[in-house]
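Just below is one structure, and these are the notes that go with it.
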Amino acid sequence: MLIEEQINLSAARMLRARLADVGHEVTLQEAFDVANWFHMRRGPLILEGEPGSGKSELLKRVAAISGAELYWIQCYEQVGAGEVLYTWNKLAQRWEAARARREKRDVKWWDRDHLIPGKMAHALMSEAQLVMVVFDEIDKIPEGSQLEAALLGVTVDQRITINESRDEIKRRGGLPPILIGFTSNAGERQLRESLSAPLRRRSKFMSLEHPDAIRMEKILRSAVPGLADNLRRQIAIYLHGLRADNWDKKISLSEGIEWAATLAHVGCEELSTEVIEWTRSDVVKGEQELKRLREANKRLVKLAKEKAREWGETGALNFYSASESAPNMSRRDDPTSHPLHPNLPSYA
């Protein structure tokens with residue numbers, strides 16, 4: 001029985017189409033997960049994946065096409081709870097203390113007028129119907145920090161308790177819950193599992209993988225419309241082969257798009273070793289990477305041309321064998337277990 005006969009995928013298909021209209025390609029499964037999070041609003045969404053896999057861009061595009069009021073919290077090691085939740089205006093408090101002494105009354109230290117709301121507090125106080133808060137690269141917050149401890153109550157219960165006054169900051173009655181998303185580079189071969197187990201258990205979780213060659217071709221079709229069909233296929237295959245090489249930092253989705261845009265800008269019609277060499281500034285970011293690129297360049301250009309031609313003639317991409325791929329390919333990247341292998345279904 002087809003999955004369409006078992007669950008309703010209309011919202012997922014609609015979201016996927018709207019994202020494609022603004023140049024962002026996702027799988028139907030990814031659109032399904034995001035659509036459920038968006039419409040149900042019953043907890044945060046955790047997007048996890050390697051750097052450059054499109055996590056942040058996906059949430060930005062969802063906010064843009066929905067018209068959501070977006071609050072972006074860029075996480076880093078020194079980010080404090082005050083920047084996200086609230087802090088106090090010390091100068092205003094000193095003025096209040098001086099005024100209270102003159103008027104011979106008690107000091108109102110924790111008056112709400114002295115409160116400086118953080119981004120999360122601003123989001124909760126917003127009168128907009130649709131509000132989204134994104135914690136980008138949450139894995140950069142130090143383990144055991146004050147902010148990490150506060151995230152569970154704030155993001156799940158959607159309220160901030162002002163400890164000093166026992167007051168609360170929360171959504172006004174009648175307004176829907178805000179949308180909360182996390183992006184994280186944590187996970188396999190990345191940083192620590194950055195979110196507490198209780199928060200993970202109350203969230204929707206998505207592992208966003210870097211697009212394969214078929215999806216990359218679709219992404220380039222939307223993101224760089226000036227590319228010729230054959231060149232677009234060549235770029236997608238070349239990038240896929242380049243990522244199969246064991247670079248310390250694999251080329252990201254955004255880097256691949258920028259390189260394709262450069263090729264379109266300079267009027268390139270077909271990949272060649274010379275073209276790669278002249279446009280290498282978009283691909284490599286260091287001497288070691290340049291050395292690795294030059295070692296693999298001839299092989300990958302040949303591969304890209306042959307497979308792109310077959311792809312154009314047959315309408316299908318048959319993934320290359322291990323002997324044609326990177327010589328140091330890991331077992332995890334074995335083509336026989338790859339989504340592009342002809343014996344396995346490709347992404348929807």
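What follows is calculated from the coordinates using simple rules that are stated; it is not laboratory data. Predicted model only: the values in this text are computed from it and were never measured. Cβ placement follows ideal geometry from the backbone for every residue including glycine, while neighbour counts extend to all protein chains displayed.
Would you tally the net charge around Gly23, using a Cβ to Cβ cut-off of less than 15 Å, leaving Gly23 out, and scoring K and R as +1, D and E as -1? Could the numbers behind the result be given before it?
On the way: positive: Arg16, Arg18, Lys60, Arg61, Arg215, Lys218, Arg221, Arg232; negative: Asp21, Glu25, Glu57, Glu217, Glu258.
With Lys, Arg at +1 and Asp, Glu at -1, the net is +3.
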message: Using only Cα atoms and rounding to the nearest 10 degrees, what angle (0 to 90) does helix 28-40 make with the longest principal axis of the chain?
response: 10 degrees
task: On a 0 to 90° scale, report how tilted helix 10-21 is relative to the longest principal axis of the chain, with both axes built from alpha carbons and the result rounded to the nearest 10.
output: 70 degrees
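With the cut-off at 37 Å, report for the chain the share of all Cα pairs above it, as a whole percent. Present the calculation step by step, with values, prior to reporting the outcome.
Values: 19465 of 60378 pairs.
Here the long-distance tail beyond 37 Å is 32 percent of all Cα pairs in the chain.
Around Gly256, what is the net charge, scoring Lys/Arg as +1 and Asp/Glu as -1 over all other residues with Cβ under 15 Å from its Cβ?
-1
With a cut-off of 8 Å between alpha carbons and a minimum separation of six or more residues, what is the relative contact order of the range 41-207 in percent? Intermediate results must be reported in sequence, preceding the final value.
Numbers: 273 pairs, mean separation 63.1, N = 167.
Value for the range 41-207: 38 percent.
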- line: Percent antiparallel among DSSP beta bridges confined to the chain, rounded to 5, stands at 25 percent
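Give me the percent of DSSP beta bridges within the range 41-207 that run antiparallel, rounded to the nearest 5. List each step's numbers first, then the result.
Numbers: 7 of 26 bridges.
Of those bridges, close to 25 percent are antiparallel.
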- request: Using amide H atoms built 1.01 Å from N in the peptide plane, name the residues 5+ places from Tyr71, or on other chains, whose amide H lies under 5 Å from its own.
  value: Met132, Val133, Val134
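What is the projected area of the convex hull of the Cα atoms of the range 41-207, averaged over all directions, in nm²? Don't skip to the answer; put the middle values down first.
On the way: hull surface 43.8 nm².
The directionally averaged projection comes out at 11.0 nm².
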Lysine pair count for the range 41-207 [Cα-Cα under 17 Å; pairs on different chains or 8 or more apart]: 5
message: What distance in nm separates the two pseudo spin-label positions at Thr273 and Glu143, each 7 Å out from Cα along the beta-carbon direction?
response: 4.7 nm
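Within 15 Å, Cβ to Cβ, of Gly181, how many net charges do the neighbouring residues add up to if Lys/Arg are +1 and Asp/Glu are -1?
Details: positive: Arg41, Arg42, Lys55, Lys60, Arg61, Lys119, Arg200, Arg202, Lys204; negative: Glu30, Asp33, Glu48, Glu57, Glu69, Asp136, Glu137, Asp139.
Result for the neighbourhood of Gly181: +1.
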